[in-house]
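Each remark here refers to the structure printed beneath this line.
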Amino acid sequence: MSWLAIDPAPITRREPVPGAPSLQIFAGKPHALAFLADGTLVVGGSRELTTHDPSAPTPPRAAFDLGGGVEWMTAHPDGVSVIAAVRSSRGSAVVRVWPATGELVRLFTEPSFGWVFTANLSPDGAQLVWRRNGVPPSLCTVDLATGAQVRELELPLELNGASTLAVRPDGAVYIAGAGRSGQLVHPDGQVEGIPVFDSFSAPFFATGGTVLTIDGKRFGLVDGKLDSFAGLSQGARQASITFDRRHLAFHMPLRHVQVWDVTARCVIFTAEQRGANGTTPWWRGQSAAAGATHVAAIQHLDASVEIWRIDQPGEPSARLHGYSQGARRLQFHGGALTAHTLQPANTHPAVMEIDLQSGAAQLLRERRVHDMVRTADGQRMLVLHEEEAGGSSVTHFDAAGEPRENFPVQKAAAELALAPNASTWAVTSHTWASSADPTVHAQWRAFGAAKWAKTIKARSYFHALDLGDTAAAVMIGPELTVVALGKSKPLLTVTIADTVRDLALSRDGAHVGLACDDKSRLVHVASGVVTELPHGVPGERQWPKCVCFDDRGVWLFFGFPSGAITQHRVLTGALVATHHAHTDEVRALAWHDGSLWSSGEDGTILRWGDLGG
């Protein structure tokens, strides 16, 4: 099996400042691409916006801190500026950037754009039209010269589900929502239902008589009604519009990039991308763009940006590296870090080892990974993965990445846990029934043991587990159970009236931290007292996604979808701080060598400075 060497991970070290990151691994994650009229490639990333010469993209020509991560971006018809939607843990904004002069204007702010920013420019570039989530949602038009709102029109409720929209030259807007119901919204507020096919989903480009959807389908007006016409021969999932509206770049991640000529009504460029079998990675933004001489697209397997000459589609002429998908698990051993990346379970490797001094990196040659843990000496690593022939198992690897043992589990893989003293490991997996919730199996055993020490089974779609040095905590559905290792009788069984997303057990087994859909909770094991923890993180659907304790059980941390991390005092449950550095969902928290570490959907791995004694 062994390891595969890859490009080094860039590591940035900062002067230690209390309550702020002192180290950052990776430059973030690329979200949106665009070309300016002079051929400059603009990359909107989760940490900054950068500009590049596509023929020699490294180092960047310039970098701009936008106060958050770019989640949507388009080139303005003037050819010298871009419009970008920016998100951070403190809120969202739309900005306009002129890269050549360095000018940056914040057009307007919003508490949150929701899961995805849905917008487009008017063909003349005078206005931005965007969908505001709500009950009901609304369609907002903003003047791009001043940032002032021109109008806001109420929309049908199902258009909360729209992910794109297209603006006609006369200001009318095509938009499709839940059930792929097409709507045409006129500037006077009239909403006209469009009798079209089920294939009319995600319209993003419109002329006076033609509409193209983001998956490459083309529709035209015939006798006042939309009818389908020949579009792309191959599908797509993301697309972008060139500044002059002459070309459209379509992208099917891990498959191909295509450029459509609007006037000629045909594909003028097709390039293939390296792919993988299984679940396809995806994230917000415009993942491909076309210019006069080059085409660029994000390679979602490794978060790089591939660049082709438009007349040479065979192989990329250049690549931008240093980005990352982010991580869902962080494990430390000696001077190295092993991360389970946010690569979904497919045939591309997802376990990465990084040397924390040099940044040297390598991938474990294991596929379809669901979780991993590694001992602090680095000698033992457990990987939960799907088997080629079906089913799931846990493989024990040595430090060289060679498999030593294999432990079959239930058909569907879930997660692993490792005791801090490395004596015991645990796994959850589950079976599926056609008419009932899956049966979850939570099991643990000591290294070298011949059989499982204990198995807890219950039915639910939601479950989590963790290990301390002397106890295990398992939550399946609403029921939390804490059991002393080597014992059969529970130390605690308590019902929690919500859906668990993650849990952490303090090293001494005295407390359980619960990340639930409605709020954070702290459970005192000896007394069974459950304390609800207010977090104050703004925005809807801000439930915590990950949780961890420090080694002493003094602090409890929760990571949120907005990128915020809350810090609570375990003794009282009091919120003592909210930390802001990530620009997207926090997916992993870990305590190592006296510091908090975190990672998430913004592609970075952070080590935090002093967070208090």
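Listing for the model above:
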{"item": "Residue count for the stretch 107-128, restricted to those that are β-branched (Val, Ile, Thr) and outside any loop (DSSP other than H, G, I, E, B)", "result": "1"}
{"item": "Residue among Ala20, Ala9, Ala75 that is buried (at least 17 other Cβ atoms within 10 Å of the Cβ) and farther than 26 Å from Thr164 by Cβ", "result": "Ala9"}
{"item": "Test result for Ser598, touching a strand residue (DSSP E or B) at 6+ places or on another chain (Cβ under 9 Å), modelled with pLDDT of 95 or more and of a type in the set (Gly, Ala, Ser)", "result": "yes"}
{"item": "Filtered residues of the stretch 494-529 (kept if in a strand (DSSP E or B), of a type in the set (S, T, N, Q) and open to solvent by less than 70 Å² (accessible area, probe 1.4 Å))", "result": "Ser520"}
{"item": "Every pair of residues 6+ apart whose Cβ atoms lie under 7 Å, when the first sits in the stretch 255-279 and is within 15 Å of His300 (Cα to Cα) while the second is open to solvent by 80 Å² or more (accessible area, probe 1.4 Å) and hydrophobic (A, V, I, L, M, F, W, C)", "result": "none"}
{"item": "Tally of residues being acidic (Asp, Glu) and either surrounded by fewer than 16 Cβ atoms within 10 Å (Cβ to Cβ) or in a loop (DSSP other than H, G, I, E, B) (or both) across the stretch 410-447", "result": "1"}
{"item": "Residues located in the stretch 448-493, provided they are in contact (Cβ under 8 Å) with a residue 24 or more places away in the chain, open to solvent by 60 Å² or more (accessible area, probe 1.4 Å) and among the aliphatic types (A, V, I, L, M)", "result": "Ala453, Leu491"}
{"item": "Condition broken by Ser520, with the remaining ones in (1) touching a residue at least 60 places away in the same chain (Cβ under 8 Å); (2) under 22 Å from Ser89 (Cα atoms); (3) of a type in the set (Ser, Thr, Tyr) satisfied", "result": "(1)"}
{"item": "The stretch 556-613, residues that are closer than 15 Å to Pro18 by Cβ and not aliphatic (A, V, I, L, M)", "result": "Gln567, Thr578, His579, His580, Gly594, Ser595, Arg607, Trp608, Gly609, Asp610, Gly612, Gly613"}
{"item": "Meets criteria (open to solvent by less than 20 Å² (accessible area, probe 1.4 Å) and within 26 Å of Val97 (Cα to Cα)) for Ala249", "result": "yes"}
{"item": "Selection from the stretch 84-131 of residues that are of a type in the set (D, E, K, R) and either under 24 Å from Asp38 (Cβ atoms) or surrounded by 17 or more Cβ atoms within 10 Å (Cβ to Cβ) (or both)", "result": "Arg87, Arg90, Arg96, Glu103, Glu110, Asp124, Arg131"}
{"item": "Members of the stretch 220-229 that are touching a residue at least 24 places away in the same chain (Cβ under 8 Å) and of a type in the set (Gly, Ala, Ser)", "result": "Ser228"}
{"item": "Complete set of residues in the stretch 141-176 that are surrounded by fewer than 19 Cβ atoms within 10 Å (Cβ to Cβ) and part of a strand (DSSP E or B)", "result": "Asp143, Gln149, Val150, Arg151, Glu152, Leu153, Glu154"}
{"item": "Members of the stretch 255-295 found to be in a strand (DSSP E or B) and either under 20 Å from the mean Cα position of the chain (by Cα) or surrounded by fewer than 17 Cβ atoms within 10 Å (Cβ to Cβ) (or both), listed by number", "result": "Asp261, Cys266, Ile268, Thr270, Glu272, Gly278, Ala288"}
{"item": "Flag for Ala588 being of a type in the set (Gly, Ala, Ser), closer than 28 Å to Glu48 by Cβ and either open to solvent by less than 10 Å² (accessible area, probe 1.4 Å) or in a loop (DSSP other than H, G, I, E, B) (or both)", "result": "yes"}
{"item": "Filter result for Val547 (touching an Asp or Glu at 6+ places or on another chain (Cβ under 7 Å), closer than 30 Å to Asp610 by Cα and not in a loop (DSSP other than H, G, I, E, B))", "result": "yes"}
{"item": "Members of the stretch 516-565 that are under 17 Å from Ala472 (Cα atoms) and hydrophobic (A, V, I, L, M, F, W, C)", "result": "Leu522, Val523, Val525, Ala526, Val547, Cys548, Phe549"}
{"item": "Residue under evaluation Ala389, criteria (1) of a type in the set (Gly, Ala, Ser); (2) surrounded by fewer than 15 Cβ atoms within 10 Å (Cβ to Cβ); (3) at pLDDT 95 or above, criterion not met", "result": "(3)"}
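The values are calculated or read from the model by the stated rules, or taken from the named source; none is laboratory data. What you see is a predicted model, and the numbers here were worked out from it, not measured in a lab. Quick reminder, even Gly has a Cβ in these numbers, built from the backbone with ideal geometry, and neighbours come from all protein chains shown. In case anyone asks, the SASA skips ligands and DNA or RNA and just uses the protein heavy atoms, side chains included. Shrake-Rupley method; radii C 1.70, N 1.55, O 1.52, S 1.80 Å.
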